[in-house]
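Have a look at the structure below before the remarks.
The values are calculated or read from the model by the stated rules, or taken from the named source; none is laboratory data. The structure displayed is predicted, hence computed values, not measured ones. Heads up, the Cβs are rebuilt from the backbone with ideal geometry, glycines too, and the neighbour counts pull from every protein chain shown. In case anyone asks, the SASA skips ligands and DNA or RNA and just uses the protein heavy atoms, side chains included. Shrake-Rupley method; radii C 1.70, N 1.55, O 1.52, S 1.80 Å.
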Amino acid sequence: TMISIVSVFLLGITTQFNLVISLYISFYLLLSGIIVHVLAFKDFQVFSAYAIKDGLTGLYTHQYFFDHLNIVMTSNPERKPFSLIMMDLDEFKKLNDELGHLEGDRILKEVATVIKQNVRDSDIVARYGGDEFALILPGVGHDLNNTIIERLRTSIIGMGYCTDVSIGSALYPDDETDMYQLVNLADQRMYDEKRLSKLNPEV
């Protein structure tokens, strides 16, 4: 854009081309360039938002969850504690089959909203995949972690769609200090709870 403006201006002062016209053209070229840059920046912002947010629930994506977790752990030399929670809606496939995928999607969006209502704005809530969710709760220790888990479980079951929610958690640095081992531990505990629930439905 600047090259075009300079070229038009030089053309105006070195030839019989009307200087006023050349100034007008330069002005409109400059204005057009600014508009193009603003629109391109806005498009980049929109694209970036979609890249880190799940299109259905509006929660963070699986990739963003791992990216943020990596930042939290590598920029934490003092090993400040945090809780990592993995959640799965029990029998959601059956619900999807009975009510249809559109209704299932609507329910997932409602569940996402309920999860966010039960944690802080500073907590990271991600859709890990399908009907599975992952949370990073900075500064949360063992007792508060258990309180949050039960609050989430009660709130989601209270929606009336699922009879139970399988939840597993792992605490940094008490349980694990490796990122993938921490996620794997929380995930394993979630599936252990799911298996226990199937073996003992009354529990």
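Out of the total accessible area of the stretch 92-187 (probe 1.4 Å, heavy atoms of protein only), what percent is carbon and sulfur?
Summing carbon and sulfur atoms, their accessible area is 49 percent of the total for the stretch 92-187.
Evaluate the distance, in nm, between pseudo-label points positioned 7 Å from the Cα of S197 and of K94 along their respective Cα→Cβ axes.
Rounded to a tenth, the inter-label distance reads 1.1 nm.
Pop the C-beta distance of T177 and I52 into the FRET formula with R0 = 30 Å and round what comes out to the nearest 0.05.
Values: r = 26 Å, r/R0 = 0.86.
For R0 = 30 Å, the calculated efficiency reads 0.70.
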